[in-house]
Amino acid sequence: MSYVDGIVVPVPRKNLAAYRRMARKSGKVWREHGASQYVECVADDVKPGKHTSFPQSVKLKRGEVVVFSWIRYKSRKQRDRVLARVMNDPRLRKMMNPKAMPFDAGRMFWGGFKPIVEL
């Protein structure tokens with residue numbers, strides 16, 4: 001089975017173009033280092049919930065939108081290798097600075113997942 005990293009981040013609507021540019025560059029680097037898929041999605045039908053929701057998870061503010069992303073790998077072992085290479089890639093080093101990001105990195109969350117069903 002494959003392995004997937006999932007990421008959720010709040011992005012100010014005014015910064016979506018900058019975020020898209022950053023994501024395109026990042027995705028190319030991830031793919032060059034071995035990720036089999038890199039996807040960035042902007043919320044379209046996401047409402048605040050009573051107890052939990054995507055907007056609540058990132059403490060969404062007025063003027064922001066939730067972006068959900070995933071990166072697919074062949075395995076957890078391959079993901080660990082790819083991630084180490086990506087984090088050391090000089091093309092992304094400048095973008096890794098939280099002050100240079102077009103979103104509040106402090107409200108971003110992510111994690112690695114083992115698929116239990118793949119069709």
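Normalised by the number of residues in the chain, the mean separation of alpha-carbon contacts (under 8 Å, six or more apart) gives a relative contact order of 48 percent. In the chain, the longest principal axis of the Cα atoms and the axis of helix 16-32 are about 10 degrees apart. Measuring against 32 Å, Cα to Cα, the residue pairs 28/50; 50/77; 25/114; 28/61; 14/114 contain 28/50; 50/77; 14/114 as the ones spanning a longer distance. For a paramagnetic label modelled on residue 52 (point 7 Å from Cα along Cα→Cβ), amide N atoms under 18 Å away belong, within the range 86-119, to 108-116. The slack between residue 85 and residue 1, meaning 0.36 nm per residue of separation minus the straight C-alpha distance, is 28.1 nm. Using equal-weight Cα scatterers in the Debye expression, the normalised intensity of the range 6-60 in log10 at q = 0.18 Å⁻¹ is -0.72. The share of Cα pairs per 5 Å bin across the chain, counted from zero up to the longest distance, runs 2, 11, 20, 23, 20, 14, 8, 2, 0 percent. A cut-off under 13 angstrom between Cβ atoms defines the neighbours of residue 61, and their net charge, with Lys, Arg +1 and Asp, Glu -1, is +3. Couplings 3J(HN,Hα) for the range 33-49, derived from phi with the Karplus relation 6.51 cos²θ - 1.76 cosθ + 1.60 (θ = phi - 60°), are 8, x, 4, 8, 7, 9, 10, 10, 10, 9, 4, 10, 10, 10, 10, x, x Hz, where x marks Gly and Pro.
With a cut-off of 13 Å between beta carbons, the residues surrounding residue 96 carry a summed charge of +4, where Lys and Arg count +1 and Asp and Glu -1. Straightening the chain between residue 95 and residue 59 buys 10.7 nm, computed as 0.36 nm per residue apart minus the Cα-Cα spacing. Relative to the current alpha-carbon distance between residue 25 and residue 37, full extension at 0.36 nm per residue lengthens the span by 2.9 nm. Seen against the Cα atoms of the chain and their longest principal axis, helix 76-87 is set at about 70 degrees.
Summary value for the range 1-60: 29 percent relative contact order, contacts being C-alpha pairs under 8 angstrom separated by 6+ residues.
Where a number appears in this text, it was derived from the coordinates with a stated rule and is not lab data. Keep in mind the model is a prediction, meaning the values are calculated, not measured. Methodologically, a virtual Cβ is constructed for each residue, glycine included, from the backbone with ideal geometry; neighbour enumeration extends over all protein chains shown.
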